[in-house]
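All of the numbers you see were taken from the coordinates with simple rules; none came from a lab. None of these values were measured; they are calculated from a predicted model. Cβ placement follows ideal geometry from the backbone for every residue including glycine, while neighbour counts extend to all protein chains displayed.
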Amino acid sequence: MPSLVSPAIAAGSLRRSSHPSVPVGTDALLRPWQPSDADAVVKAFTDPDIQRWHVRRADSVDEAQQWITSWRAGWDEETQLNWALVDRNTDSLMGRVSLKGVDLHDGSAGVAYWMVPAWRGRGLCSQAVIALCQWAFNEAGFHRIGLAHSVFNGASCRVAVKAGFHAEGIRKGAALHADGWHDMHQHALLAAPAGTTQPV
Ligand SMILES: CC(C)(COP(=O)(O)OP(=O)(O)OC[C@H]1O[C@@H](n2cnc3c(N)ncnc32)[C@H](O)[C@@H]1OP(=O)(O)O)[C@@H](O)C(=O)NCCC(=O)NCCS
């Protein structure tokens with residue numbers, strides 16, 4: 001059945017281009033994951049806050065390498081786009097920023113992130129989210145980036161606010177964590193102001 005609407009992002013347009021690196025300020029870089037990042041991923045996942053909010057742990061370097069393989073495959077599959085945030089001078093891992101749940105037709109995705117504890121509290125995560133959203137809107141053609149965090153995750157909410165996301169409300173009992181169901185605070189950032197299209 002023919003669609004009446006052209007997709008916001010043509011299928012294949014991401015896959016046909018190479019996975020880009022995105023500068024974050026002068027000292028950091030979002031770059032595609034490499035298999036050699038596995039050790040640093042295992043170390044990051046020893047952090048209780050990353051385990052708590054990402055509801056998993058990494059038990060071995062092999063397991064982290066499998067994650068990295070799937071994170072890399074997401075670009076060609078155009079389903080999830082994953083970047084390692086690294087120090088531009090040393091290439092050491094600072095964190096992860098991802099666009100998950102990519103919907104090419106609506107030009108939408110959800111941003112997710114964690115930071116290695118030693119790199120927190122310097123504004124880096126917010127800067128990385130801003131840089132990635134600019135790439136998503138200006139280079140890739142996305143229209144809407146969502147962001148959801150547990151109502152108990154105050155640091156994540158601050159990242160959303162500092163990156164310019166507006167709050168859309170709370171979805172009750174929307175995500176299962178290790179300690180039970182959490183209400184999720186939903187935010188979003190749009191490429192252009194919302195509400196410009198009037199229903200016909
Ligand atoms: C959330 C996280 C990615 C933020 O990384 P970061 O690099 O420290 O982020 P930023 O420095 O850009 O901003 C953090 C903000 O949260 C604030 N913050 C830190 N802990 C907080 C808390 N418990 N409650 C409220 N705000 C808090 C900081 O003060 C800062 O705000 P400010 O700049 O106004 O002072 C990091 O804490 C993390 O990896 N947490 C564990 C994983 C996680 O929660 N991921 C998100 C799941 S939705």
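Looking only at segment 109-129, residues that are without any contact (Cβ under 8 Å) to a residue 60 or more places away in the chain, over 14 Å from Leu189 (Cβ atoms) and touching a helix residue (DSSP H, G or I) at 6+ places or on another chain (Cβ under 6 Å) come to 2 in all. Of all residues in segment 162-189, those that are exposed (fewer than 13 other Cβ atoms within 10 Å of the Cβ) and within 10 Å of the ligand (Cβ to nearest atom) total 0. When segment 114-129 is filtered for residues that are farther than 17 Å from Pro23 by Cβ and near the ligand (Cβ under 7 Å from one of its atoms), the ones remaining, listed by number, are Trp114, Met115, Arg120, Gly121. Condition first: buried (at least 21 other Cβ atoms within 10 Å of the Cβ) and touching a Lys or Arg at 6+ places or on another chain (Cβ under 7 Å). Now tell me which residues in segment 115-128 satisfy that. Within segment 115-128, none qualify.
Among the residues of this structure, Ser70 counts as one that is without any contact (Cβ under 8 Å) to a residue 24 or more places away in the chain, polar (S, T, N, Q) and surrounded by fewer than 21 Cβ atoms within 10 Å (Cβ to Cβ). Say we look at segment 90-103 and pick out the residues that are crowded, with 20+ Cβ neighbours inside 10 Å and over 12 Å from the mean Cα position of the chain (by Cα); which of these is nearest to the ligand (Cβ to nearest atom)? So the residue we want is Met94. Taken over segment 61-84, the criterion of being polar (S, T, N, Q) and assigned to a loop (DSSP other than H, G, I, E, B) is satisfied by Thr79, Gln80. Scanning segment 142-182 for residues that are farther than 22 Å from Cys125 by Cβ and among the charged types (D, E, K, R) yields Arg171, Lys172, Asp179. Here's a check for you: in segment 46-66, which residue that is under 21 Å from Leu99 (Cβ atoms) and surrounded by fewer than 19 Cβ atoms within 10 Å (Cβ to Cβ) is farthest from the ligand (Cβ to nearest atom)? Among those that are under 21 Å from Leu99 (Cβ atoms) and surrounded by fewer than 19 Cβ atoms within 10 Å (Cβ to Cβ), it is Gln66.
Pick from segment 130-148 the residues that are in contact with a helix residue (DSSP H, G or I) (Cβ under 6 Å, 6 or more places away or on another chain) and farther than 17 Å from Ser13 by Cα: which of them is farthest from the ligand (Cβ to nearest atom)?
Step one: of segment 130-148, the residues in contact with a helix residue (DSSP H, G or I) (Cβ under 6 Å, 6 or more places away or on another chain) are 142, 145, 147.
From the residues that got through so far, the ones that are farther than 17 Å from Ser13 by Cα too are 145, 147.
On the way: Ile145: 14, Leu147: 8 Å.
Only one residue tops the list, namely Ile145.
Is there a residue in segment 17-26 that is more than 19 Å from Val129 (Cα to Cα) and either crowded, with 19+ Cβ neighbours inside 10 Å or within 20 Å of the chain's Cα centre (by Cα) (or both)?
yes
For Asp106, the requirement of being surrounded by fewer than 16 Cβ atoms within 10 Å (Cβ to Cβ) and under 17 Å from Ala136 (Cα atoms) is met.
Are any residues in segment 32-43 within 16 Å of Asn82 (Cα to Cα) and in contact (Cβ under 8 Å) with a residue 24 or more places away in the chain, and if so, which ones?
The answer is Pro32, Trp33, Gln34, Pro35, Asp37, Ala38, Ala40, Val41.
Residue count for segment 23-49 satisfying the condition of being within 14 Å of Tyr113 (Cα to Cα) and part of a helix (DSSP H, G or I): 3. Return yes or no: is Arg158 more than 19 Å from Ala109 (Cβ to Cβ) and either basic (Lys, Arg) or more than 13 Å from the ligand (Cβ to nearest atom) (or both)? When the stated conditions are applied, Arg158 passes them.
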